[in-house]
Amino acid sequence: MQSNVPSTPASLILPTRRFSTFQIVCSVLFVLTFLGSYKLAQVKPLLLFEPEGRRNIWKFVTGMFPPDLSWNFLSLLGRPILETIQISLMGTFIAVVIGFPLGLLATSSLTFKGILNERELAGSRPRAMLRKGSYLLARAILSLFRTIPEFVWAFMFVRAVGLGPFPGVLAIAISYSGMLGKVYSEILEHVNPGPLEALQATGASRLTILLYGLLPQSLPNLVSYTLYRWECAIRASAILGFVGAGGLGQQIEISMRMFNFNQVTTLVAILFVMVAGVDALSARVRNAILGRSSV
Amino acid sequence: MAHTPTQAAGLAGAKRRDLLSTPNLIFLAGFLVLMAWSYVGTEFSLRGLLGGESAAQILTYAKKLFPPDLSTDFLLKTGYWTLETFAMSFLGTILAVLIAFSLVFLSSRNLMFTGLLFEMERNRPWVRALRTVLYLSAKAALNLLRTVPHLVWALILVFAVGLGPFPGMLALGIHTGGVLGRLFGEVMENVETQPIEALQATGASRLQILFYGILPQVLPEFVAYTLYRWEVNIREAVILGYVGAGGLGQQIQIAISLFLEHRLLTLILAIYLIVTVVDYLSAYLRGRLI
């Protein structure tokens, strides 16, 4: 061994693998979780190859073609398509309205940490506690909003305010405000503090610091992330229809339940085109925003 | 770094000057029209929401949820469903990684037919054509997996293999496989070319380049994306229960349909718990591994 080592160039010797305790523990846990999950999820791969399952899949696949392109069916879809877009727009808009203030409160550098607050909070303990309290409360609300899936929100709102696109908007608004607020606060916490400190040194108020120090730096990122979420909202609002919250999903569900799989093909294709279109549009806008700001 | 403040100031100044320029005004007008159109189309009622009928309805419903059903019997059952949901998301994510990893090499342009690795190969057009076809079909397969929403996959699979968490896990795996395949592909196509070039200059074969030049670069990002998708999947596993794929979702559907609001709150708390646990776990692992 010893004599071999010098003859190979140093860079070609692969580092010998030593497994740390962490890695071993992780692997063992992984295997145990896998086995447990395998049993719990009642995994039976053979089911896929049983004659009945095969027949069902075959029936489904053959039923999907040719897609239903009859005028009767297509003319039904105009409204759900528009509704899906409307739900996503309105939902995202309200999500911003709710998420932005909560996001500001959940930004530690604005509420209680760092140079902006040092002087102000040094003297008064209750004030510091209050600030920290509002920060924690905002974070808790945001986490509650985004942790419950929008689907479950929609389900409950449909129960509370009835069928239609309105509960869909509320569901998107609530769950997306949680996601937006969290990411907004992360973006705001990671801005360059230099300009903020400079503004503070001139005696600027907190609002002025926000408007002239924070926002100019972070606006492109905030807008870009919001647009990205709008893309997700289109997809989500199409799914929400399954529980009766309007949009394309309702059609997909009806067609599925009636075993009209050829209609499902058409609907999924429409959904694909919509999502791809919105993706392309928002990617262009995002590139324009981010590109301009980084020059 | 020294330039940043002046640059920022210059930008801000430039922006303020053309804040009311024609394109901006057109953009604003378009935005307002879109919002008005959505407001009418979604039967949204701000008055109803701020103290009106809808607000009252929501409050009534929220009040009905309390207190949560905390009987031992139901808690034990909820625990079991929670584990079932977790198992679905866990296995679904593993299946997704298997699918994505087996297709990602075929669906990366820089591994299949263009770029550095293939500059010397122009004299064999049919090989290139074959590779392009392989690339396109892998790409199409990934698109198909991704485009069909997981709820639709779940419906198909419930139809094929019956109710239970197994079809849910398959649906998650298939849909997420498409998503991860795309994300992996993007990572793969954006690798640093210098290590590859260096390896190529030493005469390394393509397989060696893959193992020593490309995989070390992409694997950490693959792991990060996988963990991130796992967070998404635990939420989606809850949703899939709605179409009969077991776990918490199915129970939520039952609780909502049968007006068992106290149980619903318990189930929602369970969702909150399991999603938070998975989020923390994934963040911790990401921090540790990368």
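The values are calculated or read from the model by the stated rules, or taken from the named source; none is laboratory data. Computed from a prediction, not measured in an experiment: that's the story for all the values here. No Cβ is skipped: glycine too gets one built from the backbone with ideal geometry, and neighbour counts run over all protein chains shown.
Are any of the residues in region B:37-47 surrounded by fewer than 12 Cβ atoms within 10 Å (Cβ to Cβ) and in contact with a Phe, Trp or Tyr (Cβ under 9 Å, 6 or more places away or on another chain)? Taking every residue of region B:37-47 in turn, at least one turns out to be surrounded by fewer than 12 Cβ atoms within 10 Å (Cβ to Cβ) and in contact with a Phe, Trp or Tyr (Cβ under 9 Å, 6 or more places away or on another chain).
Of all residues in region B:64-79, at least one satisfies being at pLDDT 85 or above, assigned to a helix (DSSP H, G or I) and within 30 Å of B:V223 (Cβ to Cβ). The number of residues in region A:26-57 being over 25 Å from B:L248 (Cβ atoms) and aromatic (F, W, Y) comes to 1.
Per-residue answers, yes or no, for (1) at pLDDT below 90; (2) under 26 Å from A:A236 (Cα atoms):
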site	(1), (2)
A:F112	yes, no
A:L116	yes, no
A:L142	no, yes
A:F151	yes, yes
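Taking residues in region A:155-183 that are among the β-branched types (V, I, T), and partners anywhere that are outside any helix (DSSP H, G or I), the pairs with Cβ atoms closer than 8 Å and at least 6 places apart or on different chains are A:V158/A:G244; A:V158/A:A245; A:V169/B:T42; A:V169/B:F44. Taking every residue in region A:40-64 that is at the interface with chain B (Cβ under 9 Å from one of its Cβ atoms) and closer than 16 Å to B:A171 by Cα and pairing it with any residue that is among the charged types (D, E, K, R) and surrounded by 14 or more Cβ atoms within 10 Å (Cβ to Cβ), at least 6 positions away or on another chain, the pairs with Cβ-Cβ distances below 7 Å are A:A41/B:E84. Put simply, of B:L269, B:L258, B:L265 the only residue that is more than 30 Å from B:T147 (Cα to Cα), buried (at least 18 other Cβ atoms within 10 Å of the Cβ) and more than 19 Å from the chain's Cα centre (by Cα) is B:L265.
Considering region B:39-84, the residues that are within 14 Å of chain A (Cβ to nearest Cβ) and acidic (D, E) include one that is farthest from B:I268 (Cα to Cα), namely B:E43.
All told, A:T107 meets the bar of being β-branched (V, I, T) and closer than 28 Å to B:R235 by Cα.
Scanning region A:174-197 for residues that are within 13 Å of another protein chain (Cβ to nearest Cβ) and in a loop (DSSP other than H, G, I, E, B), which turns out nearest to A:T226 (Cα to Cα)? Step by step, filter region A:174-197, then rank; the result is A:V191. Of all residues in region B:249-260, how many are under 20 Å from B:P67 (Cα atoms) and more than 9 Å from every other protein chain (Cβ to nearest Cβ)? The total comes to 6.
The rows are residues; the columns are (1) within 12 Å of another protein chain (Cβ to nearest Cβ); (2) not small (G, A, S).
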site	(1), (2)
B:V152	yes, yes
B:F184	no, yes
B:E192	no, yes
B:A198	yes, no
B:L207	no, yes
B:Y212	yes, yes
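The single condition among (1) hydroxyl-bearing (S, T, Y); (2) farther than 30 Å from A:H190 by Cβ; (3) under 19 Å from the mean Cα position of the chain (by Cα) that A:S88 does not meet is (2). Across region A:204-222, the number of residues qualifying as of a type in the set (A, V, I, L, M, F, W, C) and within 12 Å of chain B (Cβ to nearest Cβ) comes to 4. Of the numbered criteria (1) away from chain B (no Cβ under 12 Å); (2) over 30 Å from B:L170 (Cα atoms); (3) part of a helix (DSSP H, G or I), the one A:E83 fails is (1). Within region A:145-155, take every residue that is within 7 Å of chain B (Cβ to nearest Cβ) and assigned to a helix (DSSP H, G or I) and give me the one that is surrounded by the fewest Cβ atoms within 10 Å (Cβ to Cβ). The extreme case among them is A:T147. If you go through region B:126-144 one residue at a time, do you hit one that is crowded, with 24+ Cβ neighbours inside 10 Å and within 30 Å of B:G247 (Cβ to Cβ)? Within region B:126-144 (the criterion being crowded, with 24+ Cβ neighbours inside 10 Å and within 30 Å of B:G247 (Cβ to Cβ)), the answer is yes, since at least one residue qualifies. The single condition among (1) at pLDDT below 85; (2) farther than 26 Å from A:S88 by Cβ that A:E189 does not meet is (1).
Just checking, does region A:236-244 include any residue being at the interface with chain B (Cβ under 9 Å from one of its Cβ atoms), over 18 Å from A:S282 (Cα atoms), outside any helix (DSSP H, G or I) and touching an Asp or Glu at 6+ places or on another chain (Cβ under 9 Å)? Scanning region A:236-244, I find no residue that is at the interface with chain B (Cβ under 9 Å from one of its Cβ atoms), over 18 Å from A:S282 (Cα atoms), outside any helix (DSSP H, G or I) and touching an Asp or Glu at 6+ places or on another chain (Cβ under 9 Å), so the answer is no.
Meeting the requirement of 1 or more residues that are within 24 Å of the chain's Cα centre (by Cα) and closer than 30 Å to B:W81 by Cβ, the helices (runs of 4 or more DSSP H) wholly within region B:132-245 are B:150-161, B:165-189, B:215-240.
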